[in-house]
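Each remark here refers to the structure printed beneath this line.
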Amino acid sequence: MAEYETFIGLEIHIQLLTETKIFCGCKSKFGDEPNSNVCPVCLGYPGVLPALNEEAVRLSYIVCRAMNCRLSENAMFERKNYFYPDLTKNYQITQFSNPFGRGGAFEYESGDEIKKINFHEIHLEEDAGKMIHQGGKSLCDYNRAGTCLLEIVTEPEFKTGQEAEDFLQAFRRTVRHLGVCDGNMEEGSLRCDANISINTPGMGLGRKVEVKNLNSSRFVKKALGYERKRQEKVISSGGIIVQETRLWDEDRSVTRSMRSKEQAHDYRYFPEPDLPPFRPDKNFFAMIENSLVELPLTRRQRLVECLKLTPDQADYICEEKALADFFEKTVGLGADPQLSVKWLMGNAAKELNRTGFQKADLGSEGCPLSAERLTELLMMLADNKIHGKIAAKTLTAVFDENKNPAAIIKENGWENAADDGDLKVIVQKILDENPKAVEQIKGGDEKPRGFIVGKVMAATKGTANPQSVQSLIMKLTS
Amino acid sequence: MEQDDLIITAAQAQLELSAEEEGRLAAAVTEMLDYFSKMSEVDVDNLAPTTHALVTDNALRTDTPNQNNNQKELVDRAPDNENNFIVIPNVL
Ligand SMILES: [Zn+2]
């Protein structure tokens, strides 16, 4: 069905990780009692004055800069007028004529290719409250009203739902890396709407339909795939696409028309008289430059090229900034990159899971596993002071006892059964005690080998390196 | 003012007008608009719009929570509330 060209654009809203709301000092927090974080400003009482949160501005400019936008030197706020009780003022304060960022582009991976998406603009606005509709009533909770919301609008350049989904995931990783948003789609701190149109190739954009309710990145591809097919069917059968907003119905896997009123919205934007324009100076822009971090895609490529991680390993490590930082710290401290990544993907991940920590907690104060501790453990392993099973046991103990690996190993006498000399004596002794087994081994029977290894392991309380034991048995029975 | 414009404006202001009101208001609103149309006679071609009477420096606030304990009172002032929610007629 390559008869038509598809144009998809995304509108992404992210809740910025500020302590307080955009125009008042109320806490910006998810999950509190209804209307516990409200004040006259965010409830729209008459006579109040909004005051812009400097951290919201800083985080917004960081995103604009990371997306390579043109940064505004004269940003304005406007009132967008609409009547709906999710905002009590009858208008939303947003940016219209001079948003913080315009233009810009971002590279992301889709399949095996690096693709590029251009942005239309990025602007800051206040979020709306939440409502529960039941029976004849609507219950309003304004805890979210006035929280800091950054809207990122892409150009309609995605050709498939897959591209849109790949971009969304890369974007989510990036804002988490930048530390500006937690990216939690279930809790709504990252929300996504899409617009999609199809047309005969070469004819430009078609009539666009907005698709809302894409609150999981998985829905993006499904909803857009469905919507493209629906539009193809309408046009192929001689129909006309209605410009409208449709909701994705995940249960039935269809988009449904919202049947909104006929006439287009007229929000009657006008400059917000209560907020002066924001005119950043040189120092502000320098501070934004300093706040930038290496973005996941670049970092991933560097880890593959410089530290020889496989692409899958690099993907895993770069999923979380905290994990990537932790990994690079262990390497900086002297851990072997391959050993470190294997342990982070294996036993360390298992231990984090068991003890209720997240990968993002690595390197934080509350987490027993520090980069120093993991490096200490991995270096003992690399130096053959302990073997793998003991290292795993030690890692568990690090989480349970919150102590350094070297101390744990010492306390428990878990060092590799001494040097080869000591081990040789032990193996010889066990062989001497089991002449029948020795006879069988010499006769080519492999079975008693395991029995001897077991005896040696018991005698050394599990500290002997099984491979060394094997080779000693081989040597001493030949 | 055209009848259509009046109906659209009323809809955006969430007003329901009867046919009688529509007739009466169309005339009244036209009169008001004529009165203000005097302003469009002024030549503003080379003027930047004035958006603020007083533009001072960037007015920013630090990101620190304030302590206000009047949430209950603020919710109580709404016409109806229930379990901390403000209650309104169903708008869905
Ligand atoms: Zn407030």
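Tell me which residues come under 5 Å, amide H to amide H, from A:Ser138 once H is placed; ignore anything under 5 positions away on its chain.
Under 5 Å from the amide H of A:Ser138 lie the amide H atoms of B:Ile88, B:Asn90, B:Val91, each far enough along the sequence or on another chain.
Can you classify chain B as rounded, prolate or oblate using the Cα gyration tensor, where a ≥ b ≥ c are the square roots of its eigenvalues, rounded means a/c under 1.5, and otherwise it's prolate if a/b beats b/c and oblate if not? Provide the component values of the computation, followed by the final result.
Values: a/c = 3.84, a/b = 1.24, b/c = 3.09.
The shape class here is oblate.
What aspartates and glutamates sit close enough to A:Lys455 to cross-link, taking a C-alpha to C-alpha distance under 13 Å and skipping anything fewer than 8 places away on the same chain?
The qualifying aspartates and glutamates are A:Asp432, A:Glu433.
With only alpha-carbon atoms counted, please give the Rg and Dmax of the protein assembly as shown, in Å.
Both quantities, over Cα of the protein assembly as shown: 32.5, 118 Å.
Which listed residue (A:Val41, A:Gln162, A:Ile241) has the Cα farthest towards the positive end of the charge dipole for the protein assembly as shown, taking +1 on Lys and Arg C-beta and -1 on Asp and Glu C-beta about the Cα centre?
My answer, from the dipole projection, is A:Gln162.
Taking 2.2 N^0.38 Å as the expected size of a compact globular protein, what ratio does the Cα radius of gyration of segment A:420-476 give against it, to two decimals? The partial results should precede the final answer.
Details: Rg = 10.2 Å, N = 57, 2.2 N^0.38 = 10.2 Å.
That ratio works out to 1.00.
Taking the Cα centre of the protein assembly as shown as origin, sum charge times position over the Cβ atoms of Lys and Arg (+1) and Asp and Glu (-1), and report the length of that vector in debye to the nearest 20. Working shown, then result.
On the way: 68 positive and 88 negative charges, 522 e Å.
The calculated dipole for the protein assembly as shown is roughly 2500 debye.
For a quick size check, give me the Cα extents of segment A:5-285 along its three principal axes, largest first, whole Å.
The principal-axis extents, from largest down, are 56, 53, 33 Å.
With a ≥ b ≥ c taken as the square roots of the eigenvalues of the C-alpha gyration tensor of segment A:223-319, please select rounded if a/c is under 1.5 and otherwise prolate if a/b is larger than b/c or oblate if it is not? Mind dumping the intermediate values first?
Working: a/c = 3.64, a/b = 1.29, b/c = 2.82.
Verdict is oblate for segment A:223-319.
For A:Lys436, go through the aspartates and glutamates and keep the ones whose alpha-carbon is under 16 Å away, minus same-chain ones fewer than eight residues off.
Filter leaves A:Asp445, A:Glu446.
At a 4.7 angstrom Cβ threshold, list every cysteine in the protein assembly as shown that has nobody to pair with, or say none.
So far as the 4.7 Å Cβ criterion goes, A:Cys24, A:Cys26, A:Cys39, A:Cys42, A:Cys140, A:Cys148, A:Cys181, A:Cys192, A:Cys306, A:Cys318, A:Cys367 stand without a partner in the protein assembly as shown.
What lysines could a cross-link reach from A:Lys89, if we take a straight Cα to Cα line under 29 Å and drop same-chain neighbours fewer than 8 places away?
Candidates past the 8-residue exclusion: A:Lys21, A:Lys27, A:Lys29, A:Lys80, A:Lys130, A:Lys137, A:Lys212, A:Lys261, B:Lys72.
Is the C-alpha gyration tensor of segment A:71-127 telling us rounded, prolate or oblate? Criteria: a/c under 1.5 is rounded; beyond that, a/b larger than b/c is prolate, otherwise oblate.
On the way: a/c = 4.70, a/b = 1.96, b/c = 2.39.
It comes out oblate by the Cα gyration axes.
Which is the longest stretch in chain B that no exposed loop site breaks, taking sites as GluC sites (Glu not before Pro) with a DSSP loop state and at most 11 other Cβ atoms within 10 Å? List each step's numbers first, then the result.
Values: sites that count: B:Glu2, B:Glu16.
Looking at chain B, B:17-92 is the longest stretch - no exposed GluC sites (Glu not before Pro) with at most 11 other Cβ atoms within 10 Å.
Mean residue ellipticity at 222 nm from the helices of chain A, using -39,500 (n - 2.57) per DSSP H segment of n ≥ 4 over the full residue count, to the nearest 500 deg cm²/dmol? Provide the component values of the computation, followed by the final result.
Values: 16 runs with 191 residues, N = 478.
Estimated from H runs of four or more residues: -12500 deg cm²/dmol.
Counting other Cβ atoms within 10 Å of each Cβ, which trypsin sites (Lys or Arg not before Pro) in segment A:1-75 have at most 16 and sit in a DSSP loop? Mind dumping the intermediate values first?
Details: sites: A:Lys21, A:Lys27, A:Lys29, A:Arg58, A:Arg65, A:Arg70; in loops: A:Lys21, A:Lys29.
Sites meeting the loop and neighbour criteria: A:Lys29.
Taking H placed 1.01 Å from N in the peptide plane, check which residues at least 5 places from A:Met67 or on another chain put their amide H under 5 Å from its amide H.
Amide H neighbours of A:Met67: none.
If the limit is 21 Å between Cα atoms, which of A:Lys342/A:Lys393; A:Lys116/A:Lys329; A:Lys329/A:Lys359 go over it?
Details: A:Lys342/A:Lys393 16 Å; A:Lys116/A:Lys329 31 Å; A:Lys329/A:Lys359 15 Å.
Listed pairs above 21 Å: A:Lys116/A:Lys329.
So if R0 is 41 Å, what FRET efficiency would A:Lys282 and A:Tyr45 give, r being the distance between their Cβ atoms, rounded to the nearest 0.05? Let's see the in-between values first.
Numbers: r = 38 Å, r/R0 = 0.93.
Between A:Lys282 and A:Tyr45 the formula returns 0.60.
Enter the Cα centre distance for the pair segment B:1-66 and segment A:350-411, rounded to the nearest angstrom.
66
At 7 Å along the Cα-to-beta-carbon direction for both A:Glu232 and A:Ser478, put a label point, then send me their distance in nm to one decimal.
It is 6.6 nm.
Rule-based calculations on the coordinates, nothing more; no lab input. Here the structure is a predicted model, which means the values were calculated and not measured. A quick note on method: Cβ atoms are made from the backbone with ideal geometry, for glycine too, and the neighbour counts reach across all protein chains shown.
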